[in-house]
Amino acid sequence: MKHSKFRRARFQQADSQPDHERRRLLRFGVAALAAAALSRQTWAESALVVSPERTLAFYNTHTGERLKITYWEAGQYIGVALGQIDHVLRDHLANETREIAPKLLDMLCALNSRLDSREAFHVISGYRSNRTNAYLRANSTGVADNSLHTVGQAIDIRLPGRDLRSLRQAAVALQGGGVGFYPKSDFIHVDVGRVRYW
């Protein structure tokens, strides 16, 4: 009887060890996934966390307009400043504006920080209406049908004082969304959609 109890106890202990090990590995795996998700989630914040304000400068290559403005201060976005950015990044062909995603602005700010640049981004394309996007798609290559430009989540840029490859590498390193490389047209595309490169 005692021998039988001793054997059952040994078997239970042997069975519980793999369960304990599996639980420990599972907890480790969940923690690792959470850390990875957090690092992806805070790509912009980590670059901007020490900044008391966020300022961007733009030069619209089509309209000649320039804007340098602080769009985030004291822990919040500044509505009037966001409106001015929306205007400069408007669809100049249709003369239509749309709200530009603040996350896209944060990505540009983080890009400036990474490159230690205070130059104005030269904007080739910001917001595009569906009509303008369809026109460009019919008359050129590389224009997506459901472009993130049409929802204010993408921008095509170059940056004075930085070669295009360095700009692309810095944007890719942020892991904040899509990055397209167009050396023949001298710009890169950045967006805050899923992470992908072309």
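The values are calculated or read from the model by the stated rules, or taken from the named source; none is laboratory data. It should be emphasised that the depicted structure is a prediction, and the values quoted were computed from it without experimental measurement. Reconstructed Cβ throughout: ideal geometry from the backbone, glycine too, with neighbour counts over all protein chains shown.
Details
- Val123 meets all of the listed conditions (1) out of contact with any Ser or Thr (no Cβ under 7 Å at 6 or more places or on another chain); (2) closer than 19 Å to Tyr71 by Cβ; (3) at pLDDT 95 or above but one, namely (1).
- A Cβ distance below 6 Å, combined with a sequence gap of six or more or placement on separate chains, defines the contacts here; from region 148-164, residues that are basic (Lys, Arg) reach residues that are surrounded by fewer than 21 Cβ atoms within 10 Å (Cβ to Cβ) in the pairs Arg158/His122; Arg158/Asp186; Arg162/Leu115.
- Qualifying residue in region 91-105 (condition: assigned to a helix (DSSP H, G or I), of a type in the set (Val, Ile, Thr) and either under 21 Å from Val151 (Cα atoms) or at pLDDT below 95 (or both)): no
- Residue match in region 130-141 (condition: within 21 Å of Thr55 (Cα to Cα) and aromatic (Phe, Trp, Tyr)): no
- Within the set Val179, Val143, Val151, the sole residue that is in the same structural domain as Leu89 (by TED's automatic domain parsing), modelled with pLDDT under 95 and either in contact with a helix residue (DSSP H, G or I) (Cβ under 6 Å, 6 or more places away or on another chain) or under 26 Å from Lys68 (Cβ atoms) (or both) turns out to be Val143.
- Condition met for Ala110 (in the same structural domain as Ser166 (by TED's automatic domain parsing), assigned to a helix (DSSP H, G or I), in contact with a Ser or Thr (Cβ under 7 Å, 6 or more places away or on another chain) and buried (at least 18 other Cβ atoms within 10 Å of the Cβ)): no
- Enumeration of residues in region 83-100 that are of a type in the set (A, V, I, L, M) and either surrounded by fewer than 18 Cβ atoms within 10 Å (Cβ to Cβ) or over 16 Å from Thr132 (Cα atoms) (or both): Ile85, Val88, Leu93, Ala94, Ile100
- The condition of being assigned by TED's automatic domain parsing to the domain that holds Asn112, without any contact (Cβ under 8 Å) to a residue 24 or more places away in the chain and part of a helix (DSSP H, G or I) holds for only one of Leu136, Leu167, that being Leu136.
- Output for region 73-91, where each listed residue is touching an Asp or Glu at 6+ places or on another chain (Cβ under 9 Å) and not charged (D, E, K, R): Ala74, Ala81, Leu82, Gly83, His87, Val88
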